[in-house]
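A.B. asks: Take a look at this one; I'll ask things after.
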Amino acid sequence: MQQTSPEPRPPVIDLQDVHLSLSSRAGRVDILRGVDLQIATGEAVSIVGPSGSGKSTLLMVMTGLERASSGQVRVAGHDFSALGEDALARIRGENIGIVFQQFHLVPTMTAIENVALPLEFIGRADAFDRAGAVLGEVGLDHRLTHFPAELSGGEQQRVALARALAPEPKILFADEPTGNLDGTTGEAIVDMMFALRKRHGATLVLITHDLTLARKCDRVVGIEDGRMTKESPLMAAAT
């Protein structure tokens with residue numbers, strides 16, 4: 001009896017001909033220009049491009065924080081163009097974790113309160129227990145009641161990483177996660193991020209201009225002037 005191969009799973013991120021234009025005093029500015037990108041479940045993908053290439057805007061579109069002007073944006077099985085803001089926020093809370101360059105911790109909340117916040121948003125009854133456990137995973141179980149101002153930059157980024165991973169998202173987005181850290185601290189954060197991402201089974205989308213960091217991913221895609229480039233920036237850098 002002939003065996004049939006299993007049906008390929010749909011990508012967890014599927015962008016088709018995505019455009020994003022914004023108005024300015026000088027007129028319309030085209031930021032994304034026909035982006036096509038598919039990312040498989042469990043894949044680690046880095047998006048590399050120069051400043052102003054549109055890579056951070058692309059992240060905002062993939063996380064539902066910015067709406068595309070046209071095209072299809074499907075993430076974790078949801079058509080973002082068909083959803084209102086409340087539905088987008090709920091789906092983002094259940095499926096997406098984000099680590100930003102600027103940390104974005106709430107200054108009036110302790111480390112454990114910052115990590116518990118997204119868990120409370122999605123109605124987790126064990127929000128603080130879960131927050132404490134994940135802070136332990138990033139080596140901050142002795143800093144639970146410290147405020148962001150009492151933490152170093154590396155510690156703040158570890159809190160941000162714990163906050164992103166605490167709800168066990170399907171997709172982890174990281175936008176220049178080492179941009180505000182020194183080299184040694186940044187390398188430690190990256191190693192921790194990749195280890196935790198693997199442990200939690202999340203898809204990783206990494207926005208960076210650092211080719212050394214990009215090489216840690218399964219695949220590198222380039223963006224320039226709002227368009228995906230055909231050649232990997234790593235290949236171009238090697239020639």
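A.B. asks: Please specify each residue of the stretch 114-129 satisfying the condition of being crowded, with 18+ Cβ neighbours inside 10 Å, in contact with a Leu (Cβ under 9 Å, 6 or more places away or on another chain) and not hydrophobic (A, V, I, L, M, F, W, C).
C.D. replies: The one that is crowded, with 18+ Cβ neighbours inside 10 Å, in contact with a Leu (Cβ under 9 Å, 6 or more places away or on another chain) and not hydrophobic (A, V, I, L, M, F, W, C): 114.
A.B. asks: Further question: What are the residues in the stretch 55-82 that are outside any loop (DSSP other than H, G, I, E, B), of a type outside the set (D, E, K, R) and open to solvent by 20 Å² or more (accessible area, probe 1.4 Å), if any? Outline the logic, then answer.
C.D. replies: Applying the first criterion (outside any loop (DSSP other than H, G, I, E, B)) to the stretch 55-82 yields 55-62, 70-75, 78-82.
This time we only want the ones that are of a type outside the set (D, E, K, R), so: 56-62, 70-73, 75, 78, 80-82.
Listed by number, the residues that qualify are 56, 57, 60, 70, 71, 72, 78, 81, 82.
A.B. asks: Next up: Picking from 140, 135, which residue would you name as being more than 30 Å from residue 223 (Cα to Cα), part of a loop (DSSP other than H, G, I, E, B), open to solvent by less than 40 Å² (accessible area, probe 1.4 Å) and in contact with an Asp or Glu (Cβ under 7 Å, 6 or more places away or on another chain)? Walk me through it before giving the result.
C.D. replies: Working: 135 fails: part of a loop (DSSP other than H, G, I, E, B).
Answer to the check: 140.
A.B. asks: Separate question: Under 6 Å by Cβ, and 6 or more places apart or on different chains, what pairs join a residue from the stretch 94-110 that is farther than 22 Å from residue 124 by Cα and polar (S, T, N, Q) with one that is surrounded by 20 or more Cβ atoms within 10 Å (Cβ to Cβ) and at pLDDT 90 or above?
C.D. replies: 101/175
A.B. asks: Something else now. Just give me the residues in the stretch 149-164 being over 21 Å from the mean Cα position of the chain (by Cα) and either surrounded by fewer than 18 Cβ atoms within 10 Å (Cβ to Cβ) or part of a helix (DSSP H, G or I) (or both), in sequence order.
C.D. replies: Initial filter on the stretch 149-164 (over 21 Å from the mean Cα position of the chain (by Cα)): 149-152.
Selection gives 149, 150, 152.
A.B. asks: Here's another thing I want to ask about it. Quick test for you: out of 184, 178, pick the one residue that is assigned to a loop (DSSP other than H, G, I, E, B) and of a type in the set (Ser, Thr, Tyr).
C.D. replies: Working: 184 fails: assigned to a loop (DSSP other than H, G, I, E, B).
Checking each option against the conditions leaves just 178.
A.B. asks: Residue 91: buried (at least 17 other Cβ atoms within 10 Å of the Cβ), touching a His at 6+ places or on another chain (Cβ under 6 Å) and either modelled with pLDDT of 95 or more or within 24 Å of residue 13 (Cα to Cα) (or both), yes or no?
C.D. replies: On the way: buried (at least 17 other Cβ atoms within 10 Å of the Cβ): yes; touching a His at 6+ places or on another chain (Cβ under 6 Å): yes; either modelled with pLDDT of 95 or more or within 24 Å of residue 13 (Cα to Cα) (or both): yes.
So residue 91 passes the test.
The values are calculated or read from the model by the stated rules, or taken from the named source; none is laboratory data. None of the values given here were measured: they were computed from a predicted structure. Ideal geometry is used to build each Cβ from the backbone, glycine not excepted, and the neighbour counts take in all protein chains shown. Accessible surface is based on the protein model in full, side chains and every heavy atom, while ligands, DNA and RNA are left aside. Shrake-Rupley method; radii C 1.70, N 1.55, O 1.52, S 1.80 Å.
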